[in-house]
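Chemist: Can you read through this structure? Questions will come right after.
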Amino acid sequence: MSNGANHNCSAIAAAVSTAGSPAYAGDPPATARRHVRHIYVHIPFCARICPYCAFYKDLLDRSRTWRFCEAILRELELHESTRRTGDRRSLGRPSTIYFGGGTPTALNIAQLELLLRGFHERLDLSELVEWTMEANPGSVSARKAGVLKKFGPNRISLGVQSWDDELLKLLGREHNARQAEESFRILRDSGLKNINIDLMFGLPDQSLDQWRATLEKTIALEPEHISTYCLTYEEDTEFFLRHARGEFRQDADADAEFFEITLATLQDAGYEHYEISNYARRGFESVQNRAYWLGEDYLGIGPSAVSTIGMQRWQNVCDYRTYIDRLLSGESPRESSENLTHEMKRTERIALALRTRDGVSGLELKGFAPQTDELIALKLLRESNGNFVLTQKGKALADSVAEAFL
C-alpha cells in the first residue's frame with residue numbers, strides 16, 4: 001500500500017471517537033441530507049503486511065474477495081438509495097473518487113472490473129475530475145492497467161517507497177527496484193497520464209546519498225506527482241516494537257536534513273511544493289487530498305473507512321469479514337460515530353491548512369494572536385496576502401507549529 005498520510009484512514013481518521021454509537025439496521029445515511037463530492041473506498045487486502053504500516057489491512061484471501069466486492073457495492077447503494085427514489089441531494093455527481101488500501105490492485109482483473117463497472121452503474125460520474133487508484137509494484141500488469149484506463153481511474157498512486165533494494169527488503173516490500181520501474185512503464189504505456197510515486201525517508205540506516213539517488217531516479221521517470229513521507233513509528237506495527245526495543249531510533253535533525261534535500265531537489269526539478277509531503281507539476285495537484293485539507297465533506301466506503309459530512313463523523317467496522325457479513329445481511333457497517341463541534345472543525349481546518357502552500361486565513365487565527373506572533377518571531381510562520389503560511393524552516397516543523405493552535 002502507499003504510505004499515504006493523506007488518505008482517508010490517516011490523521012483525519014485519528015480524530016474519530018472510539019466511543020460512538022453502534023451501527024444498526026436502518027441507520028439513515030447522512031448523505032440523504034447533504035451533497036457529497038468526494039468518495040474514499042478502502043480495499044484492505046495485501047499480498048504481504050509491511051512492518052511499518054498502521055492502516056487497516058489484512059492478507060489477501062481469494063475465497064472472500066468476491067463477497068467483499070459485493071459488499072462494497074451494497075454500501076454504495078445504501079448511500080445512493082435516496083437518489084434513486086428522487087432525492088438527488090445524496091451522492092449526486094461526485095468530483096473525486098479515491099481507491100486506497102491496502103492494495104486495491106491486489107484484486108484480480110474480473111473483480112476490479114466488477115467494482116469499477118458497479119460505480120459507473122450506481123453513480124452519475126459526469127462531473128468526475130479525478131479517480132485515483134493506489135497500486136503496488138508487482139500487482140500491476142498490462143491487462144490490469146488496461147482495465148483501469150477503460151473504466152475511469154485517471155490517476156495512479158504507485159507505492160514505490162525506495163529505489164534501493166536493501167531498503168525495500170527492510171520495509172518488507174514485495175517488489176524490487178526493477179519491478180517498480182517496470183510497473184511505472186506499464187502504467188505509462190497504457191496511456192495513464194497522471195501518476196504519483198510514493199517515497200519514504202528517515203528509514204533506519206538510510207543515508208543521504210541513498211535518498212538523493214532515489215529522488216534523482218524518480219525525477220528521471222517524470223511522474224506528474226511525487227509524495228515523500230518521513231517514516232513514523234506507529235503503534236500496532238512491527239517497526240514500533242523494534243523502535244521501543246531500541247533497535248531503531250528517530251533522529252529529528254536527520255529527518256529535517258532529508259526534508260530540506262527533498263524540498264530543494266524537487267523544486268529545482270520543476271515540482272511545486274503544495275503540501276508538506278506533496279509535490280506536483282503545475283495542474284497535477286491531488287484534487288481529493290486538497291478537499292481533505294480544506295475541510296470539505298467526504299464519504300468513506302469499506303472497512304475502517306471514515307466519513308465526515310456536516311457536523312457528523314463516523315467510521316466503519318475495522319474488520320472486512322464483519323463488514324461483509326453486515327452489508328450482505330442488510331445491516332449498517334457503521335461502528336462508531338460522533339457529533340463534531342464548530343471548534344473541533346476549526347481546529348482541524350487550521351492544522352490541515354497549515355500544511356498547504358496557501359496556509360491559513362488570518363480570520364481563522366484571529367483568536368490566536370500570541371501564538372501567531374511567537375511563531376513569526378521564531379521565523380516558523382509568515383504573513384502572505386492575509387494568510388499565514390509556514391516558512392521553509394517551519395515546514396520542517398509543521399506538526400509542532402500546528403500543535404500551537406490545538
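Chemist: If each residue of separation counts as 0.36 nm, what is the full-extension length gain between ALA47 and GLU383 once their alpha-carbon separation is subtracted?
Modeler: Residue separation times 0.36 nm, minus the Cα-Cα distance, leaves 116.3 nm.
Chemist: Based on the Kirkwood radius over alpha-carbon pairs, what is the Stokes-Einstein translational diffusion coefficient of the stretch 304-406 at 25 °C with 0.890 mPa s viscosity, in µm²/s?
Modeler: 155
Chemist: May I have the count of lysine pairs in the chain with C-alpha atoms under 26 Å apart, counting pairs 8 or more residues apart or located on different chains?
Modeler: Within the chain, the lysine pair count is 19.
Chemist: Using all Cα-Cα distances in the stretch 213-357, what percent lands in each 5 angstrom bin from 0 up to the longest?
Modeler: All Cα pairs, binned at 5 Å, distribute as 2, 8, 12, 12, 14, 16, 16, 12, 6, 2, 0 percent.
Chemist: Now, a different point. With each run of n ≥ 4 DSSP H residues scored as -39500 (n - 2.57), what mean residue ellipticity at 222 nm is computed for the chain after dividing by its residue count and rounding to the nearest 500 deg cm²/dmol?
Modeler: -11000 deg cm²/dmol
Chemist: Next question. Subtracting the Cα-Cα distance from 0.36 nm times the residue separation, let me have the gained length for LEU328 to GLU182 in nm, one decimal.
Modeler: 48.7 nm
Chemist: Quick one: what do you get for the stretch 244-305 if you divide its Cα Rg by 2.2 N^0.38 Å?
Modeler: Dividing the Cα Rg of the stretch 244-305 by 2.2 N^0.38 Å gives 1.56.
Chemist: How large is the translational diffusion coefficient of the stretch 194-295 in µm² per second when you combine the Kirkwood radius over alpha carbon pairs with Stokes-Einstein at 4 °C and 1.567 mPa s?
Modeler: 88
Chemist: Same structure, new question: Scaled to the compact-protein estimate 2.2 N^0.38 Å, what is the alpha-carbon radius of gyration of the stretch 215-275, rounded to two decimal places?
Modeler: 1.40
Chemist: Follow-up question, since we're still on this one. With θ taken as phi - 60° and the coefficients 6.51, -1.76 and 1.60, list the Karplus ³J(HN,Hα) couplings across the stretch 189-195 in order, rounded to whole Hz; mark glycine and proline as x.
Modeler: 5, 6, x, 6, 10, 9, 10
Chemist: Here is a follow-up. If a/c stays under 1.5 just call it rounded; otherwise compare a/b with b/c (prolate if a/b is bigger, oblate if not). Do that for the chain, with a ≥ b ≥ c from the square roots of the Cα gyration tensor eigenvalues.
Modeler: Because a/c hits 1.5 or more and a/b fails to exceed b/c, the chain counts as oblate.
Chemist: Given a 1.4 Å probe and heavy atoms of the protein chains only, how would you sort GLU113, GLU134, largest accessible area at the top?
Modeler: GLU113, GLU134
Chemist: Just to confirm my numbers, what's the Cα centroid distance between the stretch 160-197 and the stretch 353-398 in Å?
Modeler: After rounding, the separation between the Cα centres reads 36 Å.
Chemist: At q = 0.19, 0.21 Å⁻¹, work out log10 I(q)/I(0) for the stretch 140-197 with the Debye formula, treating every Cα as an identical point scatterer and leaving solvent out; two decimals please.
Modeler: -0.66, -0.76
Chemist: Roll a 1.4 angstrom probe over the protein heavy atoms and tell me the percent of accessible area of the chain that is carbon or sulfur.
Modeler: 48
Chemist: Please report, to one decimal in angstroms, the Kirkwood hydrodynamic radius of the stretch 168-252 built from all distinct Cα-Cα pairs.
Modeler: 14.6
The values are calculated or read from the model by the stated rules, or taken from the named source; none is laboratory data. Note that the structure is predicted; figures quoted are calculated from it, not measured. Just so you know, the surface numbers come from the protein's heavy atoms only, side chains and all, with ligands and any DNA or RNA stripped out. Shrake-Rupley method; radii C 1.70, N 1.55, O 1.52, S 1.80 Å.
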